[in-house]
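Participant: Encoded as C-alpha cells, here's the structure I'll be asking about.
The values are calculated or read from the model by the stated rules, or taken from the named source; none is laboratory data. Model, not experiment: these values are computed from the prediction. Backbone-built Cβ (ideal geometry, glycine too); neighbour counts: all protein chains shown.
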Amino acid sequence: MEQEKNKSWIPSDAFQEINAKKVERIDETKRRLRRVSPELLSQFLIEKGVNRTCLSCGATGISVPEIMSLSKDAIPPDVYKQMISGEELEVDIESYMIRSVAFTPTNPKKLVSVGDYQFRLNCNNCGYISHYRASPVVFWVEKMDEDSQEAE
C-alpha cells in the first residue's frame with residue numbers, strides 16, 4: 001500500500017517519458033557497441049599489447065563470438081518496403097547486415113552506457129573464456145573514426 005502512495009505523485013506520462021529516454025539511450029549504446037567488428041577488436045588488442053594466447057592453456061586458437069544485425073539505415077527505401085510487406089526480396093539481404101562482436105552486460109540491471117557491457121574471447125582448445133570491458137574498445141574505435149575524418 002505504501003508503494004502505491006509513493007508512485008501516485010508521479011504522472012503516468014512522466015513514467016512513459018522517462019522510459020522512452022532510457023530505451024533511446026540503450027539503443028544508442030547498442031549502436032555504438034555494434035560498430036566494433038571482430039577485426040577492430042583484434043586490432044585494438046594487438047595495439048594494446050594483449051597476449052594472443054589462452055591465459056589458461058597457452059593455445060593460440062582464440063575465437064570471438066559474433067553477431068549479425070540488420071542495418072536499417074543502409075537499406076534503400078524500396079527494399080525496406082519489400083521487407084515490411086513480406087514480399088520476396090530480389091536482393092541479397094546479407095549485403096545489409098553488419099558483423100560485430102557479441103557483447104554481454106556486466107550488470108543486467110544497468111544497460112545505459114558502453115561501460116555496462118563486455119566483449120568475450122573463447123579458447124578453442126580448453127574453453128577458457130576471457131572478458132574485456134567494452135568501453136575502452138568503443139572509445140578507441142570512435143577516436144579512430146574521428147582521426148580519419150579530421151585527416152580528410
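Participant: When residues of segment 65-85 are filtered for being touching a Leu at 6+ places or on another chain (Cβ under 9 Å) and either of a type in the set (F, W, Y) or at pLDDT below 95 (or both), how many remain? Show your work before the answer.
Facilitator: In the first step, residues of segment 65-85 are kept if they are touching a Leu at 6+ places or on another chain (Cβ under 9 Å); the result is 65, 79, 82-83.
This time we only want the ones that are either of a type in the set (F, W, Y) or at pLDDT below 95 (or both), so: 79, 82-83.
Residues in segment 65-85 being touching a Leu at 6+ places or on another chain (Cβ under 9 Å) and either of a type in the set (F, W, Y) or at pLDDT below 95 (or both): 3 in total.
Participant: Does segment 101-130 hold any residues that are in contact with a Ser or Thr (Cβ under 8 Å, 6 or more places away or on another chain) and hydroxyl-bearing (S, T, Y), and which are they?
Facilitator: Across segment 101-130, the qualifying residues are S113, Y117, Y128.
Participant: Of everything in segment 63-73 that's in contact (Cβ under 8 Å) with a residue 24 or more places away in the chain and within 21 Å of D27 (Cα to Cα), which residue is surrounded by the fewest Cβ atoms within 10 Å (Cβ to Cβ)? Outline the logic, then answer.
Facilitator: First, the residues of segment 63-73 that are in contact (Cβ under 8 Å) with a residue 24 or more places away in the chain: 63-71.
Imposing the further condition that a residue be within 21 Å of D27 (Cα to Cα) reduces the set to 65-71.
Details: P65: 14, E66: 12, I67: 13, M68: 10, S69: 13, L70: 14, S71: 12.
That would be M68.
Participant: Ok, one more. Could you please give the count of residues in segment 5-45 that are among the hydrophobic types (A, V, I, L, M, F, W, C) and modelled with pLDDT under 95?
Facilitator: Our first condition is that a residue be among the hydrophobic types (A, V, I, L, M, F, W, C); within segment 5-45, this holds for 9-10, 14-15, 18, 20, 23, 26, 33, 36, 40-41, 44-45.
Filter again for modelled with pLDDT under 95, leaving 9-10, 14-15, 18, 20, 23, 26.
Total meeting the criteria: 8.
Participant: Of all residues being free of Cβ contacts under 8 Å to residues at least 12 places away in the same chain and out of contact with any helix residue (DSSP H, G or I) (no Cβ under 7 Å at 6 or more places or on another chain) in segment 104-135, which is surrounded by the fewest Cβ atoms within 10 Å (Cβ to Cβ)? Just the residue, please. Let's see the steps before the verdict.
Facilitator: Residues of segment 104-135 that are free of Cβ contacts under 8 Å to residues at least 12 places away in the same chain, as a first pass: 107-110, 127, 129.
After this cut, where a residue has to be out of contact with any helix residue (DSSP H, G or I) (no Cβ under 7 Å at 6 or more places or on another chain) as well, the list is 108-109, 127, 129.
Working: P108: 8, K109: 6, G127: 10, I129: 13.
Filtering segment 104-135 for residues that are free of Cβ contacts under 8 Å to residues at least 12 places away in the same chain and out of contact with any helix residue (DSSP H, G or I) (no Cβ under 7 Å at 6 or more places or on another chain), the one surrounded by the fewest Cβ atoms within 10 Å (Cβ to Cβ) comes out as K109.
Participant: Which residues, taken from segment 131-152, are at pLDDT below 95 and either touching a Ser or Thr at 6+ places or on another chain (Cβ under 9 Å) or among the aliphatic types (A, V, I, L, M) (or both)?
Facilitator: Answer for segment 131-152, where residues must be at pLDDT below 95 and either touching a Ser or Thr at 6+ places or on another chain (Cβ under 9 Å) or among the aliphatic types (A, V, I, L, M) (or both): M144, A151.
Participant: Name the strands (runs of 3 or more DSSP E) wholly inside segment 3-118 in which the number of residues that are small (G, A, S) is 2 or more. Outline the logic, then answer.
Facilitator: On the way: elements: 66-70, 97-101, 103-105.
Hits in segment 3-118: none.
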